[in-house]
Amino acid sequence: MQLEILRASICGTDADEFATGPHLIPLTTPHPASGHVGPLVLGHEMVGRVVDVGAKVTELTAGDVVVPGSGVSCGTCRWCRAGRTNLCAGYYTVGLHVDGGLAQRVNVPARISRSVGSCPADVAIMAQPLAAALHAVRGTEAEPGVKVAVIGLGGIGSHEVLKPPRRG
C-alpha cells in the first residue's frame, strides 16, 4: 500500500542513526528480511493518506488516513501466530530496513496500518510513541497508586526540557 505522508516525527532512534550511525541501516549487505541495501529514508513514526492499495487489500481504500506500525513480520510463522512477531525471521522495521516516513510517499503493508478516522493528523502522529509507552507499561505490575520511576525523557518527554531558557 502506498501512503502520501501527512505528518512524520523523529524518534531518538532516527536521530541516533543520523548523528552517529549507521547502526541498524544495512549499507553494505542486504537486510536478511527486507532485502534493502544502501542508504534509505529514515522515519517509522508517520501518518499518511492512502494513495493506492494492492488487489488483496479490502479494509482500506484510497483517501483513508492511517497510522502504520513500524514492524513488519511474515504473519504466518510460529512466532507470529504466537504473537511474538519480534522473533519472526522475516521481521524488519520501516524507516530502518526499508524507506520510511520522512519521504513524501512510502510503501507499507496494509496489515500493519490502522485508520485514524476523524482524528487530526497532528494528534494521530502520537499513536506510535503512545503505543510503545503503553506496551512498556503493560509489561509491568504498575497499578493506580503505585510509585514508578521513569528514566529517560525520550522525544515526547523532552519537548519542554529542550526549549531554550527564557532570558530577562
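Only the coordinates and a few stated rules stand behind these numbers; no lab work does. Worth saying up front: this structure is predicted, and the values here are computed from it rather than measured. Reconstructed Cβ throughout: ideal geometry from the backbone, glycine too, with neighbour counts over all protein chains shown.
So how tilted is helix 127-138 from the main axis of the chain? Cα-based, degrees 0 to 90, rounded to 10.
Tilt relative to the chain: about 70 degrees.
Taking DSSP loops as anything outside H, G, I, E and B, show the longest stretch in the chain free of GluC sites (Glu not before Pro) there with at most 15 other beta carbons within 10 Å. List each step's numbers first, then the result.
On the way: sites that count: 59, 141, 160.
Longest site-free region, per DSSP loop and neighbour criteria: 60-140.
Using +1 on the beta carbon of Lys and Arg, -1 on that of Asp and Glu, and nothing else charged, what's the dipole of the chain about the Cα centre, debye to 20? Don't jump to the answer; show the numbers that get you there.
On the way: 14 positive and 13 negative charges, 47 e Å.
Result for the chain is approximately 220 debye, rounded to the nearest 20.
Would you mind calculating the gained length between residue 58 and residue 111 on full extension (0.36 nm times residue separation, minus the Cα-Cα distance), in nm to one decimal? Provide the component values of the computation, followed by the final result.
Values: separation 53, 0.36 × 53 = 19.08 nm, distance 1.04 nm.
Gain on extension, residue 58 to residue 111, equals 18.0 nm.
Using all alpha carbons of the chain, what is the percent of pairwise distances in each 10 Å bin, ordered from the shortest bin to the longest?
Percent of Cα pairs in each bin: 9, 31, 36, 18, 4, 1, 0.
For region 1-50, what does the relative contact order come out to in percent, with C-alpha contacts under 8 Å and a separation of six or more?
Values: 54 pairs, mean separation 28.5, N = 50.
So the answer I get is 57 percent.
Obtain the nm distance between the two label points defined at residue 146 and residue 2 by a simple spin-label model: each point lies 7 Å from its Cα along the Cα-to-C-beta direction.
Result: 4.8 nm between the two label points.
Describe numerically, in nm with one decimal, the distance between label points set 7 Å from Cα along Cα→Cβ at residue 122 and at residue 37.
Each label point is offset 7 Å from its Cα along the Cβ direction, giving 4.5 nm.
Given 0.36 nm per residue, what is the gain on full extension from residue 138 to residue 104 after removing their alpha carbon distance, in nm?
Details: separation 34, 0.36 × 34 = 12.24 nm, distance 3.38 nm.
Stretched out fully, the residue 138 to residue 104 stretch lengthens by 8.9 nm.
On the Cα set of region 28-71, report Rg and Dmax in Å, please.
That works out to 13.7, 37 Å for Rg and Dmax.
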